[in-house]
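Scroll down for the structure; my scribbles are underneath it.
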Amino acid sequence: MFENLKAQPADKILALMQMYKNDPRPSKIDLGVGVYKNPQGLTPVMRAVKAAEQELWKTQDTKTYVGLAGDPGFSDALIDLVLGDAVDRDLVAAAATPGGTGACRQAFELVRMADKDARVFVSDPTWPNHLSILSYLGMQVVNYRYFDDETGGVDFDGMIEDLKSAKSGDVVLLHGCCHNPTGANLNLSEWQAVVDVLRDTGAVPMIDIAYQGFGDGLEEDAAGTRLVASSVPECLIAASCSKNFGIYRERTGLLMAISQDPDARKLNQDTLAFLNRQNFSFPPDHGARVVTMILQDEALRTDWKAELEDVRLTMLDLRQQLADELQKLSGSDRFGFLAQHRGMFSRLGAAPDKVEALRTEHGIYMVGDSRMNIAGLNGETVPILAKAILDVGI
Ligand code: PLP
Ligand code: TYF
């Protein structure tokens, strides 16, 4: 029977990761996959995570099943982290998922269960996994304009115009912060304008927040999400702990579904548990437990926040260094947008042949759409990248 299988397209980001590994040049630079790396090129386990794991090893006396929606303590802690006090806790249904990807997948399935004809509006461009999962689930996708190639910022007028064509029964997928792959983000008044369109159209927002704490700070990065969640009757939020806790392989995420009354909340809660059961039964627990321990313990939480802030500031500094170096070498401000972007990524705005030239001629690996992971740089490689960018004629 398996001869009937058709080859599926590879994940381009993961393929690039393999290409990088296979490149023998010692001077190669990896700006591909979205994993934080310190200036030494390592992705260490965060201090608070190590401490919580140590404590867990000492105190955990069972690994029996928890519950289909995971540990309610994890839901509470993450709802608090993402939403603060923006939404009444009684209106939020939540289920732990395998990573933020799992949360997105379960969210899309929830939408499809509610309305099989729902269209999902996605930014052009968006994270490729959004598109591949939606296509796999047979859901309709509508692109909305997002990135302005000329300015390196958000094409806000285009975005709003396109979102106005959404209708009640449609879903609008938004990146909570640190847009992947562009690095261009909305400011708070732009978020407010998006809220106005959502209210006018009746479309339901779904927010994917995978980089809280990587942009302007933990609270700042959640501001758009909180504004939306507190302004519309229904909202889905897919949150990931992979990046901000550095627990990528533990698969830790949460799907939240906000509604207007306790009955609706109960139906959402039961449906989230049902969907978990159909797809994988109980969600992974280890990462969720570690996150809960960190968020509930004042000392661990303080240390985690401090380390996360160091990570954020390191990336911000690298952005500024790269923008400054390009300004110096090119004598123009055309790369200034790099310093305005936030999070791990920036879209350079280079054609695929230039991206390829960076790889073949300079051993610099970025995704084909010219997305680069800023955290792949350090003080030594910033000038090398800047020179290479100009060398290949970008
Ligand atoms: N959403 C976006 C936009 C992402 O970039 C990521 C990336 O890692 C995720 C969700 C989910 O990641 P994970 O499934 O590793 O938590
Ligand atoms: O966009 C990225 O690089 C991260 C990591 O299939 C990632 O979100 C990349 C590809 C993938 C899953 C995660």
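The values are calculated or read from the model by the stated rules, or taken from the named source; none is laboratory data. Note that this is a predicted model, so its numbers are computed, not measured. Reconstructed Cβ throughout: ideal geometry from the backbone, glycine too, with neighbour counts over all protein chains shown.
See the values below:
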| item | result |
| --- | --- |
| Test: residue 313 is away from ligand 1 (no atom under 16 Å from the Cβ) and out of contact with any Phe, Trp or Tyr (no Cβ under 7 Å at 6 or more places or on another chain) | yes |
| Residue 8 within 16 Å of ligand 2 (Cβ to nearest atom), more than 25 Å from residue 384 (Cα to Cα), free of Cβ contacts under 8 Å to residues at least 40 places away in the same chain and of a type outside the set (A, V, I, L, M, F, W, C) | yes |
| Whichever residue in the range 356-394 is surrounded by 18 or more Cβ atoms within 10 Å (Cβ to Cβ) and of a type in the set (Ser, Thr, Tyr) and, among such residues, is farthest from ligand 1 (Cβ to nearest atom) | 381 |
| Unmet requirement for residue 177, which otherwise passes all of (1) away from ligand 2 (no atom under 16 Å from the Cβ); (2) of a type outside the set (Asp, Glu); (3) in a loop (DSSP other than H, G, I, E, B) | (1) |
| Among the residues listed as 149, 155, the single one being away from ligand 2 (no atom under 16 Å from the Cβ) and either of a type in the set (S, T, N, Q) or over 24 Å from residue 188 (Cβ atoms) (or both) | 149 |
| Residues that are in contact with a Lys or Arg (Cβ under 8 Å, 6 or more places away or on another chain), among the hydroxyl-bearing types (Ser, Thr, Tyr) and free of Cβ contacts under 8 Å to residues at least 40 places away in the same chain, drawn from the range 178-215 | 201 |
| Qualifying residues in the range 258-295 (those that are more than 28 Å from residue 60 (Cα to Cα) and of a type in the set (Gly, Ala, Ser)) - the one farthest from the chain's Cα centre (by Cα) | 264 |
| Top-ranked residue in the range 315-371 [being β-branched (Val, Ile, Thr) and touching a helix residue (DSSP H, G or I) at 6+ places or on another chain (Cβ under 9 Å); ranked as farthest from residue 152 (Cα to Cα)] | 364 |
| Meets criteria (among the basic types (Lys, Arg) and either more than 20 Å from residue 15 (Cα to Cα) or not assigned by TED's automatic domain parsing to the domain that holds residue 385 (or both)) for residue 328 | yes |
| Considering residues of the range 180-213 that are within 15 Å of ligand 2 (Cβ to nearest atom) and part of a loop (DSSP other than H, G, I, E, B) only, the residue surrounded by the most Cβ atoms within 10 Å (Cβ to Cβ) | 182 |
| Residue satisfying all of: in the range 148-174; part of a strand (DSSP E or B) and buried (at least 22 other Cβ atoms within 10 Å of the Cβ); nearest to the chain's Cα centre (by Cα) among these | 174 |
| For residue 375: the one exception among (1) within 16 Å of ligand 2 (Cβ to nearest atom); (2) within 21 Å of residue 124 (Cβ to Cβ); (3) assigned to a helix (DSSP H, G or I) | (2) |
| Candidate set: the range 74-105, residues that are within 16 Å of ligand 2 (Cβ to nearest atom) and assigned to a helix (DSSP H, G or I); chosen: the one nearest to residue 291 (Cα to Cα) | 99 |
| Of all residues making up the range 231-273, the number that are away from ligand 2 (no atom under 16 Å from the Cβ) and not charged (D, E, K, R) | 21 |
| The range 64-98, subset within 18 Å of residue 235 (Cβ to Cβ) and of a type in the set (Ser, Thr, Tyr), residue nearest to the chain's Cα centre (by Cα) | 97 |
| Cross-chain or 6+ apart pairs with Cβ under 8 Å, the range 70-88 first and surrounded by 21 or more Cβ atoms within 10 Å (Cβ to Cβ), then aromatic (Phe, Trp, Tyr) and not in a helix (DSSP H, G or I) | 70/282 |
| Candidates 333, 353, 324 - the one that is assigned to a loop (DSSP other than H, G, I, E, B) and surrounded by fewer than 21 Cβ atoms within 10 Å (Cβ to Cβ) | 333 |
| Residue list for the range 20-32, restricted to those being within 27 Å of the chain's Cα centre (by Cα), over 9 Å from residue 376 (Cα atoms) and touching a residue at least 12 places away in the same chain (Cβ under 8 Å) | 20, 28 |
| Matching residues in the range 118-140 - criterion: being in contact with an Asp or Glu (Cβ under 8 Å, 6 or more places away or on another chain) and part of a strand (DSSP E or B) | 119, 120, 121, 140 |
| Subset of the range 33-69 that is in a helix (DSSP H, G or I) and in contact (Cβ under 8 Å) with a residue 24 or more places away in the chain - its residue that is surrounded by the most Cβ atoms within 10 Å (Cβ to Cβ) | 48 |
| Qualifying positions in the range 110-123 - crowded, with 16+ Cβ neighbours inside 10 Å and of a type in the set (D, E, K, R) | 112, 119 |
